[in-house]
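Inspection log for the structure reproduced underneath, given as structure tokens.
Rule-based calculations on the coordinates, nothing more; no lab input. If you're wondering where the values come from, they're calculated on a predicted model, not measured in any experiment. Positions of Cβ are backbone-derived with ideal geometry, glycine not excepted, and every protein chain shown enters the neighbour counts.
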Amino acid sequence: QVQLVESGGGVVQPGGSLRLSCAASGFTFSSCGMHWVRQAPGKGLEWMAFIPFDGTNKYYADSVKGRFTISRDTSKNTLYLQMNSLRTEDTAIYYCAKDLHGHYSFDIWGQGTMATVSS
Amino acid sequence: QSALSQPRSVSGSPGQSVTISCTGTSSDVGGYNSVSWYQQHPGKAPKLMIYDVSKRPSGVPDRFSGSKSGNTASLTISGLQAEDETDYYCCSYAGSYTWVFGGGTKLTVL
């Protein structure tokens with residue numbers, strides 16, 4: 001079945017780095033744009049980053065531009081989020097989501113992975 | 001990239017209808033017919049309920065409907081059921097391949 005499974009979350013100190021992964025299955029990953037969306041504890045959803053199906057361009061929210069990098073490996077059906085210079089306010093559940101092509105929405109979501117930035 | 005404005009909470013009795021509003025600007029909600037709505041139960045991933053302002057994905061009950069007027073989009077849930085009690089988020093395309101979410105609305109079924 002169509003599935004997204006995130007991994008790579010954990011606890012890191014401020015200023016540190018984490019790399020999140022999102023394994024896709026059940027659909028043609030190479031044909032789909034992908035997003036990262038986060039949710040701080042007890043807070044709402046916040047869109048983070050988008051990468052089109054071909055990975056040629058990458059787009060970011062202002063809050064993470066220059067610190068986070070979205071990428072994809074089509075041979076592994078995997079999406080990544082490299083997070084550098086982490087701040088306490090980056091503490092959140094990070095979800096990957098599949099882009100509903102042509103409709104600017106997110107139709108498939110993973111279960112999320114928790115990243116905690118704390119000293 | 002300011003968050004869209006949603007009421008913190010709404011409530012209704014079983015069988016009634018409720019509407020959740022989502023207010024943005026001409027740069028997001030008002031500028032594109034690309035508003036979507038997500039349902040999120042506690043501890044679970046969000047679920048797409050409405051896209052393109054008013055379209056329902058397969059499997060979403062027709063009790064859920066969406067609309068838009070100017071810079072404000074709305075989600076209406078008719079025939080309220082106990083299982084509808086949870087959080088709802090709107091989202092709009094904001095141009096240049098960026099998106100913005102609302103702050104979320106907690107729906108209580110009385």
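Among residues belonging to the range B:56-104 that are within 15 Å of the chain's Cα centre (by Cα) and of a type in the set (Phe, Trp, Tyr), point out the one that is nearest to A:MET34 (Cα to Cα).
By that ranking, first place goes to B:TRP99.
Considering each residue of the range B:10-44, count those that are closer than 19 Å to A:GLY112 by Cβ, surrounded by 17 or more Cβ atoms within 10 Å (Cβ to Cβ) and more than 15 Å from the chain's Cα centre (by Cα), and give that number.
Residues meeting the conditions: 0.
Please go through (1) within 13 Å of B:SER11 (Cα to Cα); (2) more than 11 Å from chain A (Cβ to nearest Cβ); (3) not small (Gly, Ala, Ser) for B:TYR88 and return the number of the only condition it doesn't satisfy.
(2)
Report whether or not B:TYR51 is without any contact (Cβ under 8 Å) to a residue 24 or more places away in the chain, facing chain A (nearest Cβ under 10 Å) and on the phi > 0 side of the Ramachandran plot.
Answer is no for this residue.
Please work out which one of (1) closer than 15 Å to B:SER21 by Cβ; (2) polar (S, T, N, Q); (3) touching a residue at least 40 places away in the same chain (Cβ under 8 Å) is the condition B:SER69 fails and give its number.
(3)
Which residues, counting only those in the range B:45-58, are within 10 Å of B:SER92 (Cβ to Cβ) and surrounded by fewer than 16 Cβ atoms within 10 Å (Cβ to Cβ)?
none
Testing A:LYS65 on (1) without any contact (Cβ under 8 Å) to a residue 12 or more places away in the chain; (2) farther than 24 Å from A:SER119 by Cα, one condition comes back false. Which one is that?
(2)
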